[in-house]
Amino acid sequence: MPVEIDARIKEVIQRTYNVKSFRLEISDWLDFKAGQFLQAMLQGDPKLKRYLSISSSPTEKCYIEFTKKLTQSDFSKALDNLKAGDKVNIKYPFGKFILDESAPKVAFLSGGIGITPVRSICKYAVDKNTGVDIALVYSNRSIRDVVFKDDFSAMCKSYPFLRVAHVLCEAEQGFKCTVGQINSGVVKNEIPDYQERKFYLCGPPQMVEAMRKILAEELGLNSEKIVTENFQGY
């Protein structure tokens, strides 16, 4: 059952040129599952309210974090002005985009800021050493748009069952990636054992639908092996 609380901002982290993470101190800790989301309301104004994925893991007990791409919306402008010590009204947890730990192999196809719940799930798997084999294909326009790049690099080093492949529209010298967009060929190349995996799709709604069609229609995966999350936090 979701609970509503007023939380104080502990830290604001600039992730990329247009993405920030907001870490909130939680006095009465409410457990949640990695991959779930929360509702955030700013300044007590219902017009400044959004659903945002939780980017921290339940294993990170000293705070709860959400991460957002900042746009020209009123909500983004108000959020961008927040600093440590300010209060945010949140209600959580919501959502069923959570890891099936009974699946020995899973895969994530994600784009842009849709990476937030994936970061939560992967961090949980790494910290708990679940042994779940995870393949992530992450699509962005350019390297400057890659959120949590250092986090995922560190996780890959400490958890041998996690592999991350980047797909960029623009090549970056010295950065290993596939140039283009995620398609059936990229999935086959980066996840050759794709038929053995349960897939989680998270990103802009159009991308999620395109990825679902690729998996179902081009690669022949059954619907029960595809979990989707149409990310709302723009």
So A165 ticks every box in (1) among the aliphatic types (A, V, I, L, M); (2) crowded, with 19+ Cβ neighbours inside 10 Å; (3) free of Cβ contacts under 8 Å to residues at least 40 places away in the same chain; (4) closer than 18 Å to V106 by Cα but one. Which box is left unticked?
(2)
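For the range 1-58, give me each residue that is out of contact with any Pro (no Cβ under 9 Å at 6 or more places or on another chain), outside any strand (DSSP E or B) and in contact (Cβ under 8 Å) with a residue 40 or more places away in the chain. Step through it out loud before you land on a result.
Filtering the range 1-58 down to residues out of contact with any Pro (no Cβ under 9 Å at 6 or more places or on another chain) leaves 1, 4-29, 40-52, 56-58.
Checking the rest, the ones that are also outside any strand (DSSP E or B) come to 1, 17-18, 26-29, 42-48, 56-58.
Scanning the range 1-58 gives Y17, N18, L42, G44, S56, S57, P58.
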Going through the range 134-157 one residue at a time, which ones are without any contact (Cβ under 8 Å) to a residue 60 or more places away in the chain and either aromatic (F, W, Y) or under 25 Å from A103 (Cα atoms) (or both)?
I134, L136, V137, Y138, D151, F152, S153, A154, M155, C156, K157
Tell me which residues, restricted to the range 66-78, are within 13 Å of V19 (Cα to Cα) and either of a type in the set (A, V, I, L, M) or buried (at least 21 other Cβ atoms within 10 Å of the Cβ) (or both).
F66, T67, K68, L70
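Of all residues in the range 211-229, count the ones that are among the polar types (S, T, N, Q) and within 21 Å of the chain's Cα centre (by Cα).
Quick first cut of the range 211-229, residues among the polar types (S, T, N, Q) only: 222-223, 228.
This time we only want the ones that are within 21 Å of the chain's Cα centre (by Cα), so: 228.
Number of matching residues: 1.
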Scan (1) buried (at least 22 other Cβ atoms within 10 Å of the Cβ); (2) within 18 Å of R8 (Cβ to Cβ); (3) of a type in the set (V, I, T) for the single condition V88 breaks and write down its number.
(1)
Being over 22 Å from F66 (Cα atoms), touching a residue at least 12 places away in the same chain (Cβ under 8 Å) and either surrounded by 14 or more Cβ atoms within 10 Å (Cβ to Cβ) or of a type in the set (A, V, I, L, M, F, W, C) (or both): is that true of T116 here?
no
Do we find that A171 is touching a strand residue (DSSP E or B) at 6+ places or on another chain (Cβ under 6 Å), farther than 19 Å from S55 by Cα and modelled with pLDDT under 95 in this structure?
yes
Given the options V167, V147, V118, name the one that is among the β-branched types (V, I, T) and in a loop (DSSP other than H, G, I, E, B).
V147
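The values are calculated or read from the model by the stated rules, or taken from the named source; none is laboratory data. Worth saying up front: this structure is predicted, and the values here are computed from it rather than measured. Using ideal geometry, Cβ is built from the backbone for each residue, glycine included, and neighbour counts are taken over all protein chains shown.
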